[in-house]
Amino acid sequence: MQKALYFPHTDIQNPVILKNALLLWDSVDTIVPRHNWRSHHKPPDKLISEAIELVVTRRVPNQVERRDAHDILEESVRTGRA
């Protein structure tokens, strides 16, 4: 199963990205802060809304992933390296 991760936004608004996603991947994960998270953005049209329903999966990072990301960011800030 081919997956992609869309970052840094929680919503995919760009139709080109959605079209490519439909052709290339089984799903595209977007990182969201919690399981009951709802977008405040409305898709611009029905086709984009349908594409989002078909290919986009909302993903909530678990505690280990959050801690690892925090450690990596903290190290980057401390050393000044990305």
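None of the figures in this text is laboratory data; all of them are computed from the coordinates on show. Predicted model, so just to flag it, every value in this text is computed and none were measured. All Cβ positions, even for glycine, are placed from backbone atoms using ideal geometry, and neighbour counts span all protein chains on display.
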- Query: For region 4-41 and region 56-78, what is the separation of their C-alpha centers, rounded to whole Å?
  - Reply: 18 Å
- Please name whichever of His9, Val28, Pro44 sits farthest to the positive end of the charge dipole of region 3-79, dipole taken about the Cα centre and charges placed at Cβ: Lys and Arg +1, Asp and Glu -1. Pro44
- Task: Note the per residue figure in Å³ for the convex hull of the C-alpha positions in region 3-79.
- Result: 115 Å³
- Those lysines that a straight Cα-Cα span of less than 22 Å connects to Lys3, excepting residues fewer than 8 apart in one chain: Lys19
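Do any trypsin sites (Lys or Arg not before Pro) in region 19-82 lie in a DSSP loop with no more than 10 other beta carbon atoms within 10 Å, and if so, which?
Numbers: sites: Lys19, Arg34, Arg38, Lys46, Arg58, Arg59, Arg66, Arg67, Arg78, Arg81; in loops: Arg34, Arg38, Arg81.
Qualifying residues, ordered by number: Arg34, Arg38, Arg81.
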